[in-house]
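Engineer: Mind having a look at this structure? Questions to follow.
The values are calculated or read from the model by the stated rules, or taken from the named source; none is laboratory data. Note that the coordinates shown come from a computational prediction; the quantities given were computed from them, not determined experimentally. Glycine also receives a Cβ, built like all others from the backbone with ideal geometry; neighbour counts cover every protein chain displayed.
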Amino acid sequence: MRSSSAARRKQKLKRLKNKSVLLGVTGGVAAFKAADLIRRLKDVGASVTVMMTEAAKQFITPLSLQVASQNTVYTSVFQDPLTHISLPALADVMVIAPATANIIAKLANGIADDILSTAFLAYQGPVVIAPSMNGKMFEHPIFQENLKRLLSFGIRQVGPESGTLACGEEGKGRLADVPDIVDSVIAAVTPQDLKGRKIVVTAGPTREHLDPVRFLSNRSSGKMGFSIARAAWIRGAAVVLISGPTALKSPSGVILRQVDTAAQMLRAVTEETDKDASVLIMAAAVADFRPHLQARTKAAKDNIDSLVLDRTQDIIAHVAAQKKKPFVIGFAAETGGKLERAKQKMQRKKMDMIVFNDVTEIGAGFESDTNNVVILDRKGSAKTGLLSKDEIADAILDRYLKIKT
């Protein structure tokens, strides 16, 4: 069992299995990241074919990208006649990363004078662009007009990020992180079955402070909630992720609200569910108790003989009791197979669905990349078996859609 669990942890969800990606690389400093992008696309199942502009060859060699992709790299319309027609016809998605101001201007105005721009005009599927350039160039009104026009045709944009640029200036223009580009590619070829729905997801632990140094908390890593938020965004939902303290990066395209205490999480959840939320998914491990008194300065340990605790307000029960409430999904993390207790919890708190897992099972505990759950609702139950948390996230969303349709 231990060996199969270890293998499962190493297994990636092949969201791009049997998908062909046509990757365009243009002449920006960030072109060197194309090799990593190719590797990560292949990790999730894609085959990748690369087209490079002449300027891109100044930053990374075609040979490097040929080795990374294990496919021929195309750099000229005349290298292999008609590939600008045949390759787009075979691709499931086209990605341009980095996308410079020059290529965006060309594409927005129908200019086709190299292998990439001609292939773009011949391609009829989903396109993702990842702009990358100097901040002043990105902010220029002419560039913004070109970008706006290009996006009006339904093209997806990911990034750019703000930070220190290659020239040493601070500004907006850095290439989006490679995992975020991959997520945008996945979203471009994934059925948007959650489009038009706002989903509020909570994640991570809360902290209940005894003084400025000490607090009560739990072992939640936030991984399950972050996986749900990412999966919902990939499937087209507008996602608000309300998270306690974690070490995780927010998924691309998700609105992140960071909180610390149970009271702060309650306030954030109430605000977001009052704004026409379709679903609330409470994956956070909210503290059940908080210290009755919170000292403004560090308390001397010799002065602490006992702690008086107050109950925190139950967030799910509060939301589920509202007259206009979203579809409410909760979690029951138990030690042992206490499935009946999870059912009672769902009924008592008026949830629509609850996800039960035994944290003592191998591969299903805190901080793991996998989980093994039972999804319970008023119509029945479904066991997932040991899966990655990304797969568990999709299983929860699938069950929700099955109930609501």
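Engineer: Inside region 197-254, can you point out the residues that are over 17 Å from the mean Cα position of the chain (by Cα) and of a type in the set (Gly, Ala, Ser)?
Structural biologist: Matches in region 197-254: SER217, SER220.
Engineer: Touching a helix residue (DSSP H, G or I) at 6+ places or on another chain (Cβ under 6 Å) and farther than 22 Å from LYS404 by Cα, is that true of ILE304?
Structural biologist: Here the answer is no, as ILE304 does not meet what is asked.
Engineer: Please state which one of GLU334, GLU361 is over 21 Å from PHE289 (Cα atoms), at pLDDT below 85 and not aliphatic (A, V, I, L, M). Please lay out each step first, then the result.
Structural biologist: Working: GLU334 fails: over 21 Å from PHE289 (Cα atoms).
Checking each option against the conditions leaves just GLU361.
Engineer: Turning to a different aspect of this structure: List the strands (runs of 3 or more DSSP E) that sit entirely inside region 273-319 and contain at least 3 residues that are within 25 Å of GLU367 (Cα to Cα) and in contact (Cβ under 8 Å) with a residue 12 or more places away in the chain.
Structural biologist: 279-282
Engineer: May I ask you to list the residues in region 193-222 that are surrounded by fewer than 24 Cβ atoms within 10 Å (Cβ to Cβ), touching a residue at least 24 places away in the same chain (Cβ under 8 Å) and outside any loop (DSSP other than H, G, I, E, B)?
Structural biologist: Of everything in region 193-222, those that are surrounded by fewer than 24 Cβ atoms within 10 Å (Cβ to Cβ), touching a residue at least 24 places away in the same chain (Cβ under 8 Å) and outside any loop (DSSP other than H, G, I, E, B) turn out to be LYS198, GLU208, HIS209, LEU216.
Engineer: Working only within region 383-402, note down all residues that are more than 16 Å from the chain's Cα centre (by Cα), surrounded by fewer than 21 Cβ atoms within 10 Å (Cβ to Cβ) and touching a residue at least 60 places away in the same chain (Cβ under 8 Å).
Structural biologist: Hits for region 383-402 are LEU386, LEU387, LEU401.
Per-residue answers, yes or no, for (1) assigned by TED's automatic domain parsing to the domain that holds LYS148; (2) polar (S, T, N, Q); (3) within 12 Å of THR26 (Cα to Cα); (4) at pLDDT below 95:
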site	(1), (2), (3), (4)
THR53	yes, yes, yes, no
ALA56	yes, no, yes, no
ALA68	yes, no, no, no
VAL77	yes, no, no, yes
PRO81	yes, no, no, yes
ALA91	yes, no, no, no
MET94	yes, no, no, no
ASN102	yes, yes, yes, no
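Engineer: Any residue at all in region 77-87 that's buried (at least 17 other Cβ atoms within 10 Å of the Cβ) and under 25 Å from ASP183 (Cβ atoms)?
Structural biologist: yes
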